[in-house]
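Some notes on the structure that comes next.
The values are calculated or read from the model by the stated rules, or taken from the named source; none is laboratory data. These numbers were taken from a predicted model, which means no experiment stands behind them. With ideal geometry, Cβ positions are generated from the backbone for all residues, glycine too; neighbour counts draw on all protein chains shown. Surface accessibility is based on the protein's heavy atoms, side chains included, excluding ligands, DNA and RNA. Shrake-Rupley method; radii C 1.70, N 1.55, O 1.52, S 1.80 Å.
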Amino acid sequence: MTTDVLSPERVHATTAPGHATTTPGHATTAPGHATTAPGHATTAPGHGTTARGRIEGDPTGRTPPPPLTRRAPALDGLRTIAILAVVLYHLHVPQFEGGFIGVTVFFVLSGFLITTLLLGERRRTGRVRLGSFWRKRLLRLYPALLVFVAVGLLLWNWVGDYKGASFSAGEAGVIALTYTGNLFRAFWDTTQGVFAHTWSLSMEEQFYLVWPPVLVLLATLRTRRRWLLAGLGVLVVGASAASWASYRTPSGGATPDVYFSPVLGVVPLAIGCALALLLDDERVRVRAAGIAGCVATWLGLGLLVGVLLWIDDDWTQHAWTFGVVLPVTGVIAAVLIGGLVSVRSPVATALSWTPVAWFGRRVSYSAYLWHPLVIALLGTFAIGAWGTVGLIGVVLLMSIGAAYAVEVPVERLRHRLRSSSAAGRGSAAGP
């Protein structure tokens, strides 16, 4: 039988006959990595099974493992598609007027991955170390942002006024580095020039600060999963309605303030959280591992592409874009993600192709950070279709260079420090 309570169960979970038994505490997941590869049948610690290693509705006796048990490169590939859509949107490439929904996809992924990581840590260890979580997030994201802001300040005279700037270089830099850009754009109708796109990073960092302690508290109180899902559903519907109600038609084709608001931003994040909670239930995973997962993958992909192509350049003029279209896009993205992590499919295979998955895993963050600066600096020289192709090439090269110049060395340093710390603890525990 399964548990519907958000608390760890200290039991041994037996896998299908002929498979090894898993002991709680031995399954580890690297933070920031994508979710389980579909098709592997091991049973998660913390979930009970029947005497024959089966759960109700699972005639094979093989229970799909919890998300993040193994890496799913298909989600890295989805990151690649999302960031390319955003870049093509900012380059005003025809048919990509809806490319901004790539940000919505990123938000759903963040909600799903972070919640899954937190649930997995609690399942394995019985607790969540919030300080460690926040430190890892900061070390993963902040060094690259710091370098980007420093370069942006050096080039401010040439790129600072990209799409308008309401602040001086120093003020815009401080807003970017304090992760408050979404608040300034939503509530004070301002923009930070070439740093303006960091509003989405601000939204994610605020989510990292608020959601983990909330989830830990609810787990400590042994909140039932169905009640937490209901609460997230109310939040999604309420925030969507509030976004519609707070919409004000912008002038001159500008993006409405509500788009940058945390009220709207929380919608796709909450949808991703809900998906993680659903897939934390082994009964849901069993059903998703069959035909339901295949349908979800193809349906999610088709609808997501359809939304991208359906949105035209007047999307900012309609309140229902923010009260309906973007929330529904978040649900569609969640359906696709749920399918990708549940079953093997041609879609998952294509997204898992090594170059595509590598770019999403290693380069997507740098691509998001640096592409506006490259466009601001060189966009006037990109004339015609070939000019756009060349500019895309420069964006890709710059993103790869920045990833390997900043993110990779920082990651290696983190690994060395972690290894040294582990070795130190081992020596202290020795005779």
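Treating only the Cβ of Lys, Arg, Asp and Glu as charged (+1, +1, -1, -1), what charge dipole size does the stretch 228-299 show about its Cα centre? Round to the nearest 20 debye.
Around 120 debye, computed over the stretch 228-299.
May I ask you to list the residues of the stretch 90-123 whose amide nitrogen lies under 18 Å from a point 7 Å from Cα along the Cα→beta-carbon direction of K163?
Within reach of a label on K163, which here means backbone N under 18 Å from a point 7 Å along Cα→Cβ, the stretch 90-123 contributes 90-107.
Give me D for the stretch 271-386 in µm² s⁻¹, whole number, from Stokes-Einstein with Rh from the Kirkwood sum over alpha-carbon pairs, 10 °C and 1.306 mPa s.
Calculated translational D: 94 µm²/s.
Along Cα→Cβ, 7 Å out, is where each label goes; now give me the distance between the ones at R414 and L229 in nm to one decimal.
Each label point lies 7 Å from its Cα, and together they span 3.2 nm.
Starting from the Kirkwood radius over alpha-carbon pairs of the stretch 142-270, derive D by Stokes-Einstein at 25 °C in a medium of 0.890 mPa s and give it in µm² s⁻¹.
151 µm²/s
Compute the accessible area per residue over the stretch 158-276, keeping the other protein chains in place, probe 1.4 Å, unit Å².
44 Å²
Return the Rg/Rh ratio of the stretch 157-224 with Cα-based radii and a Kirkwood Rh.
With Rg and the Kirkwood Rh in hand, the quotient comes to 1.21.
Along its three principal axes, how long is the stretch 132-172 when you only count alpha carbons? Whole Å, largest extent first please.
38, 17, 16
Taking the Cα centre of the stretch 137-236 as origin, sum charge times position over the Cβ atoms of Lys and Arg (+1) and Asp and Glu (-1), and report the length of that vector in debye to the nearest 20.
It comes to approximately 720 debye.
Counting only heavy atoms of the protein chains, get the accessible area per residue of the stretch 285-431 (1.4 Å probe) and round it to a whole Å² value.
Roughly 50 Å² per residue, with all protein chains present.
Tell me, what % of the accessible area of the stretch 172-314 is carbon and sulfur with a 1.4 angstrom probe?
So the carbon and sulfur contribution to the accessible surface is 71 percent.
Which trypsin sites (Lys or Arg not before Pro) does the stretch 164-242 hold that lie in a coil by DSSP with at most 16 other beta carbons within 10 Å?
The qualifying sites are R222.
Please give the peptides 142-154, 326-338 ranked by average Cβ packing (other Cβ atoms within 10 Å per residue), highest first, as a rough proxy for protection.
Highest mean packing first, the order is 326-338, 142-154.
What ranking, highest mean first, results for peptides 207-220, 86-99 when packing means the other Cβ atoms within 10 Å averaged over each residue?
Top of the packing list down: 86-99, 207-220.
Taking the Cα atoms of the stretch 117-197 alone, what are Rg (to one decimal) and Dmax (as a whole number) in Å?
Rg then Dmax for the stretch 117-197, in Å: 16.8, 52.
Sorting check: for 112-121, 266-275, 408-417, which peptide has the highest mean count of neighbouring beta carbons within 10 Å, and how do the rest follow?
Most protected by this proxy first, the peptides run 266-275, 112-121, 408-417.
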